[in-house]
Amino acid sequence: MEENVAIIGSGPAGLTAAIYAARANLKPVLVEGMQPGGQLMITTDVENYPGFPEGILGPEVMDLFRKQAERFGTRFVWGEVTKVDLSGSPFTLYTEDEEIRSRTLIIATGASAKWLGVKGESLWPEGLGGRGVSACATCDGFFFKDQDVMVVGGGDTAMEEANYLTRMCRSVAVVHRREAFRASRIMLDRARSNPKIRFILNAALDEILGIETGKVTAVRLRSTVDDRVWEERTDGVFVAIGHKPNSDLFKGILDMDEQGYLVVKPGTTCTNVEGVFAAGDIADKTYRQAVTAAGLGCMAALEAERWLEAQGSH
């Protein structure tokens, strides 16, 4: 059986694409992946998604997205796509249990935050993820109003996060392993001239402390130049060492930039393969917000519908 629209990924981009495609009576099939719901499933409070004035838990909002897509007739396939054939429409997706052939494909596989792999970083209750440890200042900075926080990293992302956090936090400490930075001169100068930011250099984060209290209380740092180990008090830790787009499946098939983000034609979600669209964090390294991912998912579904019409297959 040939599907009209296949979607890979079940975060805000994939589920919004499913809602729009299903309402257009295209009967989409969505492969959920191994982490259904995407990055919002590891986000506790979502306070910046429009329509929820009291805020909502990340898993709750994704459950609502899913129910809406289901209500309009989306077929969900659990599991992961292990291989794709995009040599021509219909495209073929291979999962462990199923072979899906579809006239169009929407890729919404997202990007994953890179983590340090230290004790105390994992999700609560094993660690303090969602209890003071975050990888997104624009998502979680608000919860640290008038508190002292720490940003780990030395690139543009770390400088942007640090500058952003000074708007609501009392102080921001930037922890970096070296004295030299990967960050661009303009971003570094901006951070250095901000009176609320201080730098802790030649230091690696060894452990995040406070699990017994249910919130971050301090971190254990280790010098990268000698054997010194010490603790620094903090109310929150923002890991800003970059994101990795989940695009390995499409290497050598679709155009991507040097970091692995899928390249789309400006102002669209169209990839270099006709009938294949990319939406959400897999193609967006700038904003990476649930609301922008949802918007791109909507665009992808509308573009898939128009493409099918142009082919005379809808």
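Nothing in this text is a laboratory measurement; each read-out follows from the coordinates by a stated rule. Note that this is a predicted model, so its numbers are computed, not measured. A quick note on method: Cβ atoms are made from the backbone with ideal geometry, for glycine too, and the neighbour counts reach across all protein chains shown.
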Gyration tensor verdict on the range 107-173 (Cα atoms; rounded if a/c is under 1.5, prolate if a/b is larger than b/c, oblate otherwise): oblate
If packing is taken as the mean number of other Cβ atoms within 10 Å per residue, what is the order of 274-281, 301-308, highest first? 274-281, 301-308
Just to check, using Stokes-Einstein with a Kirkwood Rh over alpha carbon pairs, what's the diffusion coefficient of the range 1-83 at 4 °C and 1.567 mPa s in µm²/s? 99 µm²/s
State the Cα centre-to-centre distance between the range 191-263 and the range 67-134 in whole Å. 24 Å
For the chain, what does the helix formula give at 222 nm: sum of -39500 (n - 2.57) over DSSP H segments with n ≥ 4, over the residue count, nearest 500 deg cm²/dmol? -7000 deg cm²/dmol
How many Å³ per residue does the convex hull of the Cα positions in the range 176-249 occupy? 154 Å³
Report the trypsin sites (Lys or Arg not before Pro) located in the range 195-301 that are in a DSSP loop and have at most 11 other Cβ atoms inside 10 Å of their Cβ, or state none. R228, K251
With a 30 Å threshold on alpha-carbon distance, the violating pairs from K119/K244; K67/K215; K67/K145; K83/K119; K83/K215 are K67/K215; K67/K145; K83/K119; K83/K215
So which aspartates and glutamates pass the test for K114, namely a Cα distance under 17 Å, with those fewer than 8 places away in the same chain ruled out? D140, D156, E160, E161, D206, E207, D248, E258, D281, D284
Based on the alpha-carbon gyration tensor of the range 1-139, what equivalent-ellipsoid semi-axes (square roots of 5 times the eigenvalues) come out, in whole Å, largest first? 30, 19, 11
Dimensions in Å of the chain - Rg and Dmax from alpha carbons: 21.1, 69
Work out which helices of the chain, taken as complete DSSP H runs, extend at least 24 Å along their axis over the Cα atoms and score a mean Kyte-Doolittle of -1.0 or more, then list them. 290-311
Between rounded, prolate and oblate, where does the range 115-239 land on the alpha carbon gyration tensor, with a ≥ b ≥ c its root eigenvalues, rounded for a/c under 1.5, else prolate if a/b exceeds b/c? oblate
Around R66, what is the net charge, scoring Lys/Arg as +1 and Asp/Glu as -1 over all other residues with Cβ under 12 Å from its Cβ? -2
